[in-house]
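One structure is given here, and the rest of the page talks about it.
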Amino acid sequence: MSPGAEQARAERFAHIWSVLDAALDWERLGVLHCHEGGESFFGVEDRDAILDAGLLFADDLAALLTPSGRSLYVGASVAELVPMLVESQILGRDVLWYEKETPVTTALTQALAQVAKELDCQVPLPKIEDLPESSDPTCDHLWMVSVLTDPDVFPALHDRLYERTGELATGRGDPATELAVAEELTTRALAFAKTPAIFSTTDEELRIVRPLCQRLGFDLRVPESARLSAVVGDAVRLCELVSHR
């Protein structure tokens with residue numbers, strides 16, 4: 001890609017993000033993320049931090065991924081908006097985004113649809129459905145970050161993987177049942193992988209993902225370096241996924 005084309009794509013991303021930032025109801029998103037004092041959860045500095053962290057992840061991914069490839073984002077939300085937009089607008093990659101229907105997902109979908117209409121452009125939109133079974137592996141990047149530790153969906157795994165007890169623990173859920181659901185979700189995600197691929201996930205989730213990969217015939221090579229995610233602040237590693245099947 002020529003420097004001029006790169007600059008044009010970067011400017012297009014910046015414009016899309018500016019319009020999206022204005023379209024999002026950040027106060028409502030804050031309340032949905034944090035019931036006490038949520039109105040100020042996504043203040044200007046916090047939104048700048050989301051942009052900065054997202055751009056750092058996007059730079060990391062740009063060095064590892066090829067243009068015109070495809071990425072699968074499972075359970076992506078506010079923190080993933082920037083890397084998904086960079087992948088689609090700057091790198092020219094296809095983005096598949098699966099998420100459950102929640103008030104946050106609805107708010108993001110509405111804002112993104114508004115941006116797409118206003119700017120007459122295509123942006124990633126979530127598929128509001130369970131992650132399907134796939135027999136056509138087309139994704140060279142899988143992103144599953146802070147999904148298996150979601151306290152609303154996996155409360156028992158949240159407590160166990162974060163090693164939380166007492167007042168810090170949710171005290172809810174059944175570990176065995178949740179582990180089975182988490183492994184099924186991860187197995188379905190792995191079925192999308194066109195190896196060699198990048199699997200982006202957190203240190204906590206690696207405790208489930210890594211042994212499962214080994215059982216399914218994959219080698220997950222975990223890098224020494226990690227980067228903290230926006231919003232949650234988990235350590236995220238961009239792992240190399242190789243198939244031995």
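The values are calculated or read from the model by the stated rules, or taken from the named source; none is laboratory data. None of the values given here were measured: they were computed from a predicted structure. With ideal geometry, Cβ positions are generated from the backbone for all residues, glycine too; neighbour counts draw on all protein chains shown.
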V82 - would you say it is closer than 23 Å to V153 by Cα and either out of contact with any strand residue (DSSP E or B) (no Cβ under 8 Å at 6 or more places or on another chain) or β-branched (V, I, T) (or both)? no
Would you pick out the residues in region 57-98 that are assigned to a helix (DSSP H, G or I), more than 19 Å from I128 (Cβ to Cβ) and polar (S, T, N, Q)? Q89
Go through region 28-56 and count every residue that is loosely packed, with under 14 Cβ neighbours inside 10 Å and assigned to a helix (DSSP H, G or I). 6
Considering only region 180-187, I want to know if a residue exists there that is more than 30 Å from A58 (Cα to Cα) and out of contact with any Lys or Arg (no Cβ under 6 Å at 6 or more places or on another chain). yes
Show the residue pairs meeting these rules: Cβ distance below 7 Å; 6+ apart or different chains; first residue within region 191-207 and without any contact (Cβ under 8 Å) to a residue 40 or more places away in the chain; second residue hydrophobic (A, V, I, L, M, F, W, C). D203/A226; D203/A235; L206/V222
For region 64-87, name all the residues that are of a type in the set (G, A, S) and surrounded by 20 or more Cβ atoms within 10 Å (Cβ to Cβ). S71, G75, A76, S77, A79
Does L61 satisfy the criteria of being touching a residue at least 12 places away in the same chain (Cβ under 8 Å), crowded, with 17+ Cβ neighbours inside 10 Å and within 30 Å of C239 (Cα to Cα)? yes
Take the conditions touching a strand residue (DSSP E or B) at 6+ places or on another chain (Cβ under 9 Å), in a helix (DSSP H, G or I) and under 26 Å from W17 (Cβ atoms) and apply them to L112. Does it pass? no
Over 18 Å from the mean Cα position of the chain (by Cα) and at positive phi: is that true of G233 in this structure? no
Filter region 115-126 for residues that are hydrophobic (A, V, I, L, M, F, W, C) and in a helix (DSSP H, G or I); the one that is farthest from D25 (Cα to Cα) is L119
Within region 209-230, residues being touching a residue at least 40 places away in the same chain (Cβ under 8 Å) and in contact with a strand residue (DSSP E or B) (Cβ under 9 Å, 6 or more places away or on another chain) number 4
Mind listing whichever residues of region 16-44 are out of contact with any helix residue (DSSP H, G or I) (no Cβ under 7 Å at 6 or more places or on another chain) and modelled with pLDDT of 95 or more? S18, A22
Answer with yes or no whether S135 is of a type in the set (S, T, Y), touching a residue at least 12 places away in the same chain (Cβ under 8 Å) and within 16 Å of L241 (Cβ to Cβ). no
Is one or more of the residues making up region 101-112 under 30 Å from L220 (Cα atoms) and touching a helix residue (DSSP H, G or I) at 6+ places or on another chain (Cβ under 8 Å)? no
